[in-house]
Amino acid sequence: MEIINYKEINKGALKSKFDVQIKEWGLTLRDCTLFQKESRTWIGMPSKQYQSKEGTTKSYDVVVFDKNMKQRFDAACLDKIKNNQYQIKQENQQQTNSSLPF
């Protein structure tokens, strides 16, 4: 598991955004977030916003783990970030793999 495209935000409780790449699975989770409020730190999963019937903006997670797996995922991400094991987002970064036919 790798943390890539890491970008500091530092707006209120939102500290950063990043992607999580799991090469063994051929999977990248884009737009994960790091939040910190008081003594609590957690990872936000990619989410989608919508308008509620009351007219307020709400969101829901696009990717959902069960409780035990989410704790493990958060711990792994937080450990990598704490130890500066991430790649910083480069502007206009394009990822290509010329060996793929698509």
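The values are calculated or read from the model by the stated rules, or taken from the named source; none is laboratory data. The model shown is predicted, which means the values in this text are computed figures rather than measured ones. In this analysis, Cβ positions are derived from the backbone assuming ideal geometry, glycine residues included, and neighbour counts consider all displayed protein chains.
Just checking, which of 9, 81, 43, 4 is assigned to a helix (DSSP H, G or I) and of a type in the set (A, V, I, L, M)? Unique residue meeting the criteria: 81.
Restricting attention to region 60-68, does a residue exist that is acidic (Asp, Glu), in a loop (DSSP other than H, G, I, E, B) and either within 16 Å of the chain's Cα centre (by Cα) or modelled with pLDDT of 95 or more (or both)? Looking for residues that are acidic (Asp, Glu), in a loop (DSSP other than H, G, I, E, B) and either within 16 Å of the chain's Cα centre (by Cα) or modelled with pLDDT of 95 or more (or both), one finds at least one in region 60-68, hence yes.
When the test is whether a residue is loosely packed, with under 12 Cβ neighbours inside 10 Å, assigned to a loop (DSSP other than H, G, I, E, B) and either modelled with pLDDT of 95 or more or β-branched (Val, Ile, Thr) (or both), residue 54 passes it.
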